[in-house]
Amino acid sequence: MNPTVGIAVVLTVLQAAHCQMIKDLSACLLGQSLRVDCRYENKTSNPLTYEFSITKDNRKHVIHSTISVSENIYRSRANVTMHKNLVCLYLQSFTTSDEGVYMCELKATNDYTGNQIKNITVIKGEM
């Protein structure tokens, strides 16, 4: 085996083992808008995909995503910004009907270690 090819294979395997690790998930109200911050450790330059969802009544509802389709009731109220090591969900006109367990899911393209997921419970009166 050519030594150069062997090194390239090892480097590819090592790169695939480095994923985006979610370090922190926090939520706060800014007036009538909910902001959910998903901070992650950037371990690769591969493109990042994300999904913000909420679990209510034992059912998952996708709010904003590059992984799957967002639900109609959130499309006009939700928006996401991405900065270095931070993905932020903004949900306008937050009410008690939007309370539940919010989830941030991140996945780096070509990363075979699986998606990173963190949850946070959001209750309007407790923020």
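The values are calculated or read from the model by the stated rules, or taken from the named source; none is laboratory data. Source: prediction; values computed, not measured. Here the Cβ is made from the backbone with ideal geometry for all residues, glycine too, and neighbour counts use every protein chain on show. Side chains included, ligands, DNA and RNA excluded: accessible areas come from the protein's heavy atoms. Shrake-Rupley method; radii C 1.70, N 1.55, O 1.52, S 1.80 Å.
Things worth noting here:
- Subtracting the Cα-Cα distance of ASN58 and LEU30 from 0.36 nm times their residue separation leaves 7.4 nm of extension gain.
- Computed extension gain for ARG77 through SER93, at 0.36 nm per residue and net of the alpha carbon distance, reaches 5.0 nm.
- For the stretch 22-122, the number of Lys pairs separated by eight or more positions or lying on different chains, with C-alpha atoms closer than 25 Å, is 16.
- Solvent-accessible surface (1.4 angstrom probe) belonging to VAL62, in square angstrom, nearest 10: 20 Å²
- The alpha-carbon of LYS124 sits under 12 angstrom from the alpha-carbons of these aspartates and glutamates, leaving out residues fewer than 8 places away in its chain: ASP98, GLU99.
- By accessible area with a 1.4 Å probe, ligands and nucleic acids excluded, highest first: order of GLU126, GLU105, GLU71: GLU126, GLU71, GLU105
- Hydrodynamic radius by Kirkwood, which averages 1/r over all alpha carbon pairs of the stretch 22-122, in angstrom: 13.8 Å
- Spin-label zone in the stretch 32-61 - amide nitrogen under 18 Å from a point set 7 Å from the Cα of GLU126 along the C-beta vector: 34-37, 54-59
- Along the stretch 41-57 the Karplus relation, 6.51 cos²θ - 1.76 cosθ + 1.60 evaluated at θ = phi - 60°, assigns HN-Hα couplings of 8, 7, 10, 8, 9, 5, x, 9, 10, 9, 8, 10, 9, 10, 9, 9, 6 Hz to successive residues, with x for each Gly and Pro.
- Under a 5 Å amide H cut-off, with hydrogens placed 1.01 Å from N, HIS64 pairs with PHE52 among residues at least 5 apart or on other chains.
- Element breakdown for the stretch 22-122 at a 1.4 angstrom probe: carbon and sulfur atoms account for 47% of the accessible area.
- Nitroxide proxy distance, nm - points 7 Å out along Cα→Cβ at LYS43 and ILE117: 1.9 nm
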